[in-house]
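Below: the structure, in structure tokens.
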């Protein structure tokens, strides 16, 4: 249905009906001047993320469902990076004229799917017209669940850990940007597709593209001895740089210890690219990067250690090179 | 300075330095994955508002300072409409290439001025590039300060009150849209200016324009017996309609009792317009509209009463006409 028929208030009513938000800690939800939330924990966490069409996403190869999923996932990732539990989400949408109500329902389906997984309630936001492409802003409120883990607690001698493989999302984006609508020719995981003159397995291409389009943030279960934490959104080097900046330390990482997926290794090899480059500078992994004492035991990969000063990468042959915080930065 | 030189992280650092955010209830502020806030009250209020260039504001007659002020003011107004105290603000900015760092500092000056007045701390947000004009999203968190006042408590027999004059902002916008840059010829309040073929006093023009550009939300001090409340952003009729919808009541308002400023009366007369029209349908007043028992005493204007069913306006001669919720609605 056309939004011009439904109007702002009609759309909000439809969304409330399709995606009812019932939770005992929401005293007043969508539809008043502000939401009223019951927060039993004294300390709350709040994060806000803006996604703009043409900067953060491209609707030629991103569905509204995927966009909705990712929109909430990136905010969840920020709350998890503080060691918290995500609870309440506010959705602001600036919607251009060429959008249809069904597009917005699809977007909300994506939000709803992941919000259900984490027990998050949508409690408010804003809905307005945009003359300039789709704009989304999400604000997620969480419980600190005890101690909030900041970026500033890393100490010399700590190990540096990541919770999952890196670089998949960046390679996924690389493939999507080159394939655009051609990604739709990957109808089954068992077919092959031609990208940049090379034949790739759709199984690998889709797996990497999904890592970019449908990131799956997951909490770190044992945070007791964790000294600092951040989620990798700008890229490993840039985000490790943020920890070093805030903790006033240096860091050394071992290139060979960075976990890489089989799909990334296979596709990078075929395209003649260095997979580690995608892992170091790519970003949008939404994997947790944290520091903890060396003897920390959990399903996580230890990739380096915190040192007093300087930032280095050591490769397989033991060669040490300095690194700078290279990664995505707006305006630059 | 150009933003391409400063970069995203450089800009954030500059803003932190220029506008330091120190408050004992902010355990972690700007610069981590999420802010950590201490909220002594168990119930919190949250509201989010998006402002998009070309839809909500026009930079040909709005300064960045004014925009910053209004951006926070509209969010404050929502928290005040729940009877709460605004406390913590998150600022998301999508900044186009033609913006300069100085523009953003001016915007923050506007935010900072009004945040200081209300004791609000800026605790986080997001800063990114926009290919599509300036986009702002603000999320304001407040204390419920006891009972939150929703839109749904109005009862038959209650009086309907507003806290200030209505229609000034809408007339201000009308003048600004016709005058555009010509508003700058109003250098002193004692000069006159030609608008739509009529000679108007700059004193009146500026006063009305400022009501639109620099709204001054103010709390209702005595909320003890208030049964419902909303801030007038969409227009008196539309917002009273929201109260009626949520409270499942009707309403009658007396046209003659609607408070109008001398400036609005004077300018409307000269332009041959009905000033009450601006008050009923204009919107963006950011004045509080509330219901309370008839004997409620406070500096507020009683403009009507809640009835069982139907929505009516009664004019000076006693003529009763039905009204619909006319006001601003996106997409329509």
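Bear in mind that the values in this text are calculations on the coordinates, not laboratory data. Remember, it's a predicted structure, so these values are computed and weren't measured experimentally. Heads up, the Cβs are rebuilt from the backbone with ideal geometry, glycines too, and the neighbour counts pull from every protein chain shown.
The C-alpha atoms of chain B define a longest principal axis, and helix B:64-80 lies at about 60 degrees to it. Ranked for footprinting exposure by Cβ neighbours inside 10 Å, fewest first, B:187, B:211, A:332 give B:187, A:332, B:211.
Shown for residue B:97: label points 7 Å from Cα along the beta-carbon vector, and their distances to the equivalent points in the other copies, 2.4 nm in ascending order. Decide, for region A:159-322, between rounded, prolate and oblate: order the square roots of the alpha carbon gyration tensor eigenvalues as a ≥ b ≥ c, take rounded if a/c falls under 1.5, and otherwise choose prolate if a/b is larger than b/c, else oblate. Prolate is the answer for region A:159-322, as a/c is 1.5 or above and a/b outweighs b/c. Were the residues from residue A:198 through residue A:22 laid out at 0.36 nm apart, the gain over their Cα-Cα distance would be 58.4 nm.
Only Cα pairs within less than 10 Å get springs; with that Gaussian network setup on chain A, which residue of A:305, A:97, A:263 has the largest fluctuation? Between A:305, A:97, A:263, it is A:97 that shows the largest mean-square fluctuation. So what's the angle, to the nearest 10 degrees on a 0 to 90 scale, between helix A:262-271 and the longest Cα principal axis of chain A? So the helix axis and the longest Cα principal axis differ by about 80 degrees. Region A:41-100 has equivalent-ellipsoid semi-axes of 27, 12, 9 Å, by the square roots of 5 times the alpha carbon gyration tensor eigenvalues, sorted largest first. Note on residue B:155 and residue B:298: the model spin-label points, each 7 Å out from Cα along the C-beta direction, lie 1.7 nm apart. A crude spin-label estimate for the pair residue A:102 and residue B:185, with each label 7 Å from Cα along the Cβ direction, gives 5.2 nm. Helix A:101-118 and the longest principal axis of the Cα set of chain A meet at an angle near 50°.
In terms of its alpha-carbon gyration tensor, chain B comes out oblate; a/c meets the 1.5 threshold, while b/c is at least as large as a/b. Would you mind calculating the gained length between residue A:177 and residue A:329 on full extension (0.36 nm times residue separation, minus the Cα-Cα distance), in nm to one decimal? Contour length minus Cα-Cα distance gives 52.9 nm.
Label-point spacing at residue A:145 relative to the other copies reads 3.4 nm, in ascending order, each point sitting 7 Å out from Cα along Cα→Cβ. Taking label points 7 Å from Cα along the Cα-to-Cβ direction, residue A:224 and residue A:147 give a separation of 1.1 nm.
In this assembly of identical copies, the label point of residue B:270 (Cα plus 7 Å along Cα-to-Cβ) is separated from its counterparts by 7.3 nm, sorted shortest first. Region B:283-332 and region B:258-274 have Cα centres spaced 19 Å apart. Based on the alpha-carbon gyration tensor of the protein assembly as shown and its eigenvalue square roots a ≥ b ≥ c, which shape applies: rounded if a/c is under 1.5, prolate if not and a/b is larger than b/c, or oblate? The shape class here is prolate. Which FRET efficiency, nearest 0.05, do residue B:314 and residue A:59 yield, Cβ-Cβ r, R0 41 Å? For R0 = 41 Å, the calculated efficiency reads 0.20.
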